[in-house]
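Accompanying notes for the structure given below.
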Amino acid sequence: MSDAYISMLIESQEKKLELLGQAIELDKQQEEMITGDSPDIEALNANITAKGALVDELNKLDDGFDAVYAKVRDELINNKEAHRDEIRRLQELIRQITEKIAEVEALEARSKINVDNFLKSRRRSLKDGRSSVKAASVYSTNMRKAYHTSPYFVDNKK
């Protein structure tokens, strides 16, 4: 029975490794979208939604792993020699997962910087647009006033 649980632990970690690989790919796509000339906001939202779904799946896998590990923990600790290969496999998977998590965190940090830069440039362009509209409005108002002369009376008698 414990062998089935240990197999479930290994499968869970393999699935987690696969999902982290997908998350890395989505992060790379997101970085390309943000750093492009004119990012497609809808595609960016779809990317973020897909990453959210991956995070939900990863959380479910973690919860399942914790529940199964709680059942076989004593068996793994007390019979290390009997499950040496499975323990090594789990350790290797956890090491790979840790590396992938570090890579995801680095990509997310870069993505955050890119998003901040994108938003700053958008704000700047909106501000420039508003100041251009304001300047045009002031110019228009001044030009209307320049050709508007007040009435005057001309006395033609001499």
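The values are calculated or read from the model by the stated rules, or taken from the named source; none is laboratory data. Bear in mind that the values here come from a model prediction, so they are computed numbers and not experimental data. All Cβ positions, glycine included, derive from the backbone under ideal geometry; neighbour counts span all protein chains shown. Just so you know, the surface numbers come from the protein's heavy atoms only, side chains and all, with ligands and any DNA or RNA stripped out. Shrake-Rupley method; radii C 1.70, N 1.55, O 1.52, S 1.80 Å.
Summary of values
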item	result
Contact order normalised by residue count of the chain, Cα under 8 Å, 6+ apart, percent	39
Where the chain is the region considered: accessible area per residue in Å², 1.4 Å probe	74
Prolate/oblate/rounded label for region 48-93 (Cα gyration tensor, a/c 1.5)	oblate
When each of Lys15/Lys112; Lys51/Lys134; Lys28/Lys80; Lys16/Lys112; Lys28/Lys134 is checked by Cα-Cα distance, pairs over 30 Å	Lys51/Lys134; Lys28/Lys80; Lys28/Lys134
Carbon and sulfur %, accessible surface of the chain computed with the full protein complex present, 1.4 Å	54
MRE, 222 nm, helices only [DSSP H, n ≥ 4, -39500 (n - 2.57), over the chain, to nearest 500]	-32000 deg cm²/dmol
10 Å-binned pair-distance histogram of the chain (Cα, whole percent)	9, 23, 17, 14, 10, 7, 5, 5, 4, 2, 2, 1, 0
Solvent-accessible surface (1.4 angstrom probe) belonging to Arg95, in square angstrom, nearest 10	110
Where only C-alpha atoms are counted, convex hull volume of region 1-94 per residue in Å³	79
Net charge of neighbours whose Cβ lies under 15 Å from the Cβ of Arg84, counting Lys and Arg as +1 and Asp and Glu as -1	-3
